[in-house]
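Shown next, in structure tokens, is the structure this report addresses.
The values are calculated or read from the model by the stated rules, or taken from the named source; none is laboratory data. Computed from a prediction, not measured in an experiment: that's the story for all the values here. Using ideal geometry, Cβ is built from the backbone for each residue, glycine included, and neighbour counts are taken over all protein chains shown.
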Amino acid sequence: MSPEYAIVATVSIAVQFTVVATLLVYFLLLRKTVRLEEVRLWTAAWFADAIALGAVLVSSVPGVLDLPLRLTLLLYLAGKTAFAVLMVSGARKHVQPGSEPHIRPWPLAILITFWSLAIGVLARELVVAQFAQSVMVGVVLAAGGWIVLRKPRSRASRWLGIAFVLQSAVFFFYGIAMAPVIVNRSILISFMPFTSFFDAWVELILALSCLAVVADRSEEQLRYANRELLESQERLSQMVDSDPLTGLANRRAMRPFMDRATASGATLIFIDINDFKQINDRFGHSVGDAVLQRLARLLSETFRPQDAIMRYGGDEFLVIAPEMDLHSVAPRVARIRSHMAEPDDNSPAVSLAIGVTGLDAGGDPSAALVRADHLMYHDKPGGL
């Protein structure tokens, strides 16, 4: 190679090394903030690529570090092979996040070492080693493109698959360009010193595609986390607004039901279990709980799905029945009284004090609640 070509080749390699080193730094920083397995693998891939290019760059600059040609070749082969395998492993993790690695780290290191030593030592000429390496890396990267394009997770995944195919095509092209040199002993094509310029552009495209899918995955994780947060808030709200014993809404959940009832008009039914303290004292709290659960089930069976049924507090229950008139309430109240007046297997017979009042559309809900409460107390034995 002429001195002019040697200078161009060195500059070309320096440019590619600078690009890869910059990408490595960026991915190292990205790894600290994005906890994705593919980011970790791609960071290792750019590190391996930087080692390969760094060895070639150092050996191409006279007087800097005179590495033996075979050692330089071995470092290049190992670095480029690791780069291709790690990039494809990261791509597979992207499309199949829960998948197990095909090859564990130590067997992978042994395989890469064996390949590098086999090609680097056995190849009698540098061009033969370069040809074998180009074909092998092209095959590995093509496999990565196929893995991604076969089941892309998103539009960004398709771009990543295309970038893999483009990168593999470059290496296949190098292999085709070097094949005549091996067979006919012809002179290597004059553009070969410029290949690192092409490689830098293609690797930059590959890196940008990786970043695109990382951003897409991060957004997906953010949406999932946000959905989980909303569901957790909803479950927490249900826990706070629900009575754990009866499963009914509690007093905290009354306002939205009362607001809807005020807009349309409703009937309010206040229910209290007479002498509930004596039931607890005589039969125990477990029986008292059974009485409360029985009444809650009966109310749910008696009233409509759109009616709000809640445990107002202690042994008091409140039903808000939108657009239900007092005449429609009467048979329901009678049914509740008669059923609770009979014992069952788990609870004794109990009597109920019930107050029923209407709430006109646009009326005062607080005043209606007070009326229903007073009517309930008037319904107790002895009244007020």
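Checking the conditions here, which among 334, 341, 353 is over 20 Å from residue 265 (Cβ atoms) and either hydroxyl-bearing (Ser, Thr, Tyr) or touching an Asp or Glu at 6+ places or on another chain (Cβ under 6 Å) (or both)?
Working: 334 fails: either hydroxyl-bearing (Ser, Thr, Tyr) or touching an Asp or Glu at 6+ places or on another chain (Cβ under 6 Å) (or both); 341 fails: either hydroxyl-bearing (Ser, Thr, Tyr) or touching an Asp or Glu at 6+ places or on another chain (Cβ under 6 Å) (or both).
Sole residue among the options that is over 20 Å from residue 265 (Cβ atoms) and either hydroxyl-bearing (Ser, Thr, Tyr) or touching an Asp or Glu at 6+ places or on another chain (Cβ under 6 Å) (or both): 353.
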_Criterion (in the same structural domain as residue 278 (by TED's automatic domain parsing) and at positive phi) met by exactly one of 323, 316, 342, 301_ = 323
*Considering only residues of region 282-320 that are in contact (Cβ under 8 Å) with a residue 60 or more places away in the chain and part of a helix (DSSP H, G or I), which is farthest from the chain's Cα centre (by Cα)?*
283
*Within region 152-168, identify whether any single residue is over 30 Å from the mean Cα position of the chain (by Cα), at pLDDT 85 or above, assigned to a helix (DSSP H, G or I) and crowded, with 16+ Cβ neighbours inside 10 Å, and answer yes or no.*
yes
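Keeping to region 343-370, report how many residues are touching a residue at least 40 places away in the same chain (Cβ under 8 Å) and part of a helix (DSSP H, G or I). Spell out how you get there, then give the answer.
Within region 343-370, the subset touching a residue at least 40 places away in the same chain (Cβ under 8 Å) is 344, 346-348, 350-363, 365, 368-369.
Still in the running and part of a helix (DSSP H, G or I): 365, 368-369.
Residues flagged as touching a residue at least 40 places away in the same chain (Cβ under 8 Å) and part of a helix (DSSP H, G or I) within region 343-370 amount to 3.
Any residue at all in region 304-319 that's of a type in the set (Ser, Thr, Tyr) and loosely packed, with under 14 Cβ neighbours inside 10 Å?
Applying the first criterion (of a type in the set (Ser, Thr, Tyr)) to region 304-319 yields 312.
Still in the running and loosely packed, with under 14 Cβ neighbours inside 10 Å: none.
For region 304-319, residues of a type in the set (Ser, Thr, Tyr) and loosely packed, with under 14 Cβ neighbours inside 10 Å: absent.
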*Please go through region 238-281 and pick out each residue that is of a type in the set (S, T, N, Q) and free of Cβ contacts under 8 Å to residues at least 60 places away in the same chain.*
238, 242, 278, 280
*Give the residue that is surrounded by the fewest Cβ atoms within 10 Å (Cβ to Cβ), with candidates limited to residues of region 130-151 that are within 16 Å of residue 84 (Cα to Cα) and within 23 Å of the chain's Cα centre (by Cα).*
147
*asked:* If a residue must be over 13 Å from residue 308 (Cα atoms) and surrounded by fewer than 14 Cβ atoms within 10 Å (Cβ to Cβ), how many such residues does region 246-283 contain?
replied: 6
